[in-house]
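Q: Take a look at this one; I'll ask things after.
The values are calculated or read from the model by the stated rules, or taken from the named source; none is laboratory data. Keep in mind that what you see is a predicted model, and the values were worked out from it rather than measured. As a convention, Cβ positions derive from the backbone with ideal geometry for all residues, glycine included, and neighbour counts pool all protein chains shown. The protein model used for the area step is the full one, side chains on, heavy atoms only, and it has no ligands, DNA or RNA in it. Shrake-Rupley method; radii C 1.70, N 1.55, O 1.52, S 1.80 Å.
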Amino acid sequence: DRNTILSVETRGGLDTFLDLYDSTGLPMLENDDGGEGDNGRIDLFIEKAGRYYVKVRHYDGSDQGEYQVFAQFVQATPDQWEPDDSRGEARETEPNGTPQTKNFTPADDQDWVTFTLGETSTVEIKTTGDVDTYIRLFDRLGNAIAEDDDGGDDYNALIERLLQTGQYFIRIHQVEGDAVFGAEYTLQIIAD
């Protein structure tokens with residue numbers, strides 16, 4: 001079931017780092033602070049049954065102590081814009097339209113949006129919410145033309161740029177070390 005997620009996290013007072021491996025020992029995902037406080041958390045959509053391995057370590061190897069590991073299956077609730085996980089699945093949105101509320105399900109989810117400008121405009125692309133977002137802007141040919149991590153309020157991303165007439169694509173994802181399952185944010189595109 002594409003909506004079932006394996007969630008593995010630590011709990012305790014240590015700054016843990018998790019590495020997830022498939023049954024052959026190949027690395028799949030890693031996480032630093034995706035859980036509560038400085039605890040690691042990994043969320044993975046289960047595409048096939050199998051055995052997975054998790055390596056838990058202290059972030060910088062300088063501390064020791066006790067921690068707990070929890071693993072559970074969680075039913076994901078993707079936002080209404082899914083699937084929008086690739087440029088080919090990007091959903092058209094109108095500049096100056098209603099802001100879109102989205103979430104990252106799973107934590108390493110990426111959301112794609114496309115918009116078209118009928119005239120040269122100064123465009124502001126921004127996220128708001130309690131999540132560390134990263135935005136990359138592409139032209140219609142797939143060339144990256146701008147990117148931002150923390151240019152907005154708190155850890156939100158913000159791109160402000162003069163753009164010519166044409167179609168553009170936006171990719172939004174969480175900053176990997178701080179990625180949180182189900183984290184919600186709002187995307188807004190303003191053209192003047």
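Q: Specify, per residue and in Å³, the volume enclosed by the convex hull of the alpha carbon atoms belonging to region 53-150.
A: On the way: hull volume 18.2 nm³, N = 98.
Here the figure is 185 Å³ per residue.
Q: Another question about this same structure. What translational diffusion coefficient, in µm²/s and rounded to a whole number, does the Stokes-Einstein relation yield for the chain at 25 °C and a viscosity of 0.890 mPa s, taking the hydrodynamic radius as the Kirkwood radius over Cα pairs?
A: On the way: Rh = 17.8 Å.
Diffusion coefficient, whole number: 138 µm²/s.
Q: Which order do peptides 22-28, 67-73, 51-57, 122-128 fall in by mean Cβ count within 10 Å, highest first? Provide the component values of the computation, followed by the final result.
A: On the way: 22-28: 9.7, 67-73: 11.6, 51-57: 13.3, 122-128: 19.7.
Ranking, from highest mean packing down: 122-128, 51-57, 67-73, 22-28.
Q: Using only the Cα atoms of region 101-183, what are the Rg and Dmax in Å?
A: Cα only, region 101-183: 12.9, 38 Å (Rg, Dmax).
Q: Could you state the number of Å between the C-alpha centres of region 122-143 and region 145-192?
A: About 3 Å separates the Cα centre of region 145-192 from the one of region 122-143.
Q: Count the net charge of all other residues whose Cβ sits under 15 Å from the Cβ of G25, scoring Lys and Arg as +1 and Asp and Glu as -1. Don't jump to the answer; show the numbers that get you there.
A: Numbers: positive: R51, K55; negative: D19, D22, E30.
Spelling it out: positives minus negatives among the neighbours equals -1.
Q: If you place +1 on the Cβ of every Lys and Arg and -1 on the Cβ of every Asp and Glu, how big does the dipole about the Cα centre of region 99-178 come out, in debye to the nearest 20? Spell out each step's value before the answer.
A: Working: 6 positive and 17 negative charges, 109 e Å.
That gives a dipole near 520 debye.
Q: So, one more: Would you be so kind as to identify which of G61, G50, G88 lies farthest towards the positive end of the dipole of region 1-93, taking Lys and Arg as +1 and Asp and Glu as -1 on Cβ and the Cα centre as origin?
A: Among G61, G50, G88, the one farthest towards the positive end of the dipole of region 1-93 is G50.
Q: Also: In Å, what Rg and Dmax follow from the Cα atoms of region 1-105?
A: Cα only, region 1-105: 16.9, 52 Å (Rg, Dmax).
Q: I would also like to ask the following. Using only the C-alpha atoms of region 41-81, find the volume of their convex hull and express it per residue in Å³. Could you put the intermediate results ahead of the total?
A: Numbers: hull volume 5.3 nm³, N = 41.
Roughly 128 Å³ of hull volume per residue.
Q: Could you pull out every residue, at least 5 positions away or on a different chain, whose amide H is within less than 5 Å of the one on G151? Hs are placed 1.01 Å off N in the peptide plane, and Pro or chain starts have none.
A: Sorted by chain and number, the residues that satisfy this are L158.
Q: Write down the accessible area per residue of region 131-192 in Å², having rolled a 1.4 Å probe over the full set of protein chains. All intermediate terms of the calculation are to be shown ahead of the outcome.
A: Details: 3070 Å² over 62 residues.
Averaged over the residues of region 131-192, the accessible area is 50 Å².
Q: Calculate one ³J(HN,Hα) per residue across region 98-103 by plugging θ = phi - 60° into the Karplus curve 6.51 cos²θ - 1.76 cosθ + 1.60, and present them in order as whole Hz with x for glycine and proline.
A: So the Karplus estimates, Gly and Pro as x, are 5, x, 9, 8, 10, 9 Hz.
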